[in-house]
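Structure first, then comments.
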Amino acid sequence: MEQIIIGVSGGSGSGKSFFCKQFVKLYKKNEVILICADRYFKNKLPKMISPLTQREYDDWNSLESVDYDALLVDLKKATKTSAKIIIVEGVNIFSINKLREILQLKIFIDTDIELRLYRRIKRNMKEFNMKMDDIATYFIESAKYQEEKYSISTKIYADIIFNGAKNFDIPIHFLDSYIKNI
């Protein structure tokens, strides 16, 4: 099996991270490298003005929020390892031309906005100790606009689209079978 570089994208709360973690479990530790774009957030985020309220927010969804140059350096290093599968996972990864051109298989996890918001609220309350009102307000006034602009609109680049509202067993085994047969 030759090395393959896979991109997994979708809106925040779509199930990208869960899908990737479940898929990685099928392989030995040294066979797969998972690169999460969330690890490359810059310390100083750009700002955006909400089209709904005119309030200023940190723009976690801007293409300028993530250090894609550093991500690309780490991806290049990963290609020089013995790993057979390299997965790059992130909300905006299909928006970056240099990165998109490297990805040999692009998967988009498509999940409706209500379920994504529910998952986002659950995750952010648990992992970041945020209040539900703050999470919902940020999403409604900021994130949903930027996600549409930078993430959801890139679904057109996907080779495969999986439904993020359903169980991932079939998509995971489909991907495993595909990889083993190339």
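To keep it simple, each residue is scored yes or no on (1) more than 18 Å from Glu147 (Cβ to Cβ); (2) within 18 Å of the chain's Cα centre (by Cα).
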position	(1), (2)
Lys21	yes, yes
Val24	yes, yes
Leu34	yes, yes
Asp38	no, yes
Lys44	yes, no
Lys47	no, no
Pro51	no, no
Ser62	no, yes
Ile96	no, yes
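The requirement of being farther than 15 Å from Ser95 by Cα and free of Cβ contacts under 8 Å to residues at least 24 places away in the same chain is not satisfied by Asn30.
For region 50-60, a residue qualifies if it is assigned to a loop (DSSP other than H, G, I, E, B) and either charged (D, E, K, R) or at positive phi (or both), and the qualifying residues are Gln54, Arg55, Asp59. Only one entry in Lys29, Lys42 is of a type in the set (D, E, K, R) and at pLDDT below 95, namely Lys29. Does Ile87 satisfy the condition of being within 22 Å of Val24 (Cβ to Cβ), of a type in the set (A, V, I, L, M, F, W, C) and surrounded by 14 or more Cβ atoms within 10 Å (Cβ to Cβ)? Yes; evaluated as a whole, the condition is true for this residue. Restricting attention to region 95-121, the residues that are assigned to a loop (DSSP other than H, G, I, E, B) and surrounded by 15 or more Cβ atoms within 10 Å (Cβ to Cβ) add up to 3. Among residues of region 124-140 being in a helix (DSSP H, G or I) and of a type in the set (A, V, I, L, M, F, W, C), the one that is nearest to Glu101 (Cα to Cα) is Phe139.
Among the residues of region 141-182, those identified as among the charged types (D, E, K, R) and part of a helix (DSSP H, G or I) are Glu141, Lys144, Glu147, Glu148, Lys149, Lys155, Asp169, Asp176, Lys180.
Return yes when Leu71 is hydrophobic (A, V, I, L, M, F, W, C), assigned to a helix (DSSP H, G or I) and closer than 19 Å to Phe19 by Cα and no when it is not. In short, no. Entry remark, region 113-154: residues being basic (Lys, Arg) and closer than 14 Å to Val91 by Cβ number 6 in total. Scanning region 11-49 for residues that are touching a Gly at 6+ places or on another chain (Cβ under 6 Å) and either of a type in the set (Phe, Trp, Tyr) or in a loop (DSSP other than H, G, I, E, B) (or both) turns up Ser14, Gly15.
The values are calculated or read from the model by the stated rules, or taken from the named source; none is laboratory data. From a predicted model like this one, the values you see are computed outputs, not experimental measurements. Please note: Cβ atoms are built from the backbone with ideal geometry, for glycine as well, and neighbour counts cover all protein chains shown.
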